[in-house]
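Derivation of every value follows stated rules applied to the coordinates shown; laboratory data play no part. Note that the structure is a prediction, hence the values are computed from the model and not measured. Virtual Cβ from ideal backbone geometry, glycine too; neighbours counted across all protein chains shown.
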Amino acid sequence: MLIFSENTHIYVFICIDLHSGTQKRNGRKITTMNDIFSRTADMPKIKIIVNEYGQPVGENYRKFASAIGCQVRKILAVRFNDWRSVPLGKKLQVWDDLQV
């Protein structure tokens, strides 16, 4: 959408998809976290600070939480409604990937 005004008139231009007749939108894409998962072994590890309850805090905790979500979506099937029903081997696989 493009909006500009000229004297007292306001012009609005909207991009329309001619095939469907609706406004074209770009949807969200899958988060890949390339800045995290494309790191090589010789690069320094990202430090995660945890509080007294073992919860991540500090400046990198959001990236850590996003990285966990990406790994879980890559490794685990959608059929698991509860983390407690996930087989231990799959949980360890996610954890090992995150520690590297």
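Key figures for this structure:
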| read-out | value |
| --- | --- |
| Point-charge dipole on Cβ atoms (K/R +1, D/E -1) for segment 57-100, about Cα centre, debye to 20 | 180 |
| Within straight-line cross-link reach of LYS91, lysines at Cα separation under 28 Å, skipping those fewer than 8 residues along the same chain | LYS29, LYS45, LYS47, LYS63, LYS74 |
| About the Cα centre, charge dipole magnitude for segment 27-99 (Lys/Arg +1, Asp/Glu -1 at Cβ), debye | 340 |
| Which of GLN55, PRO87, LEU98, positive extreme of dipole for segment 27-99 (C-beta unit charges) | PRO87 |
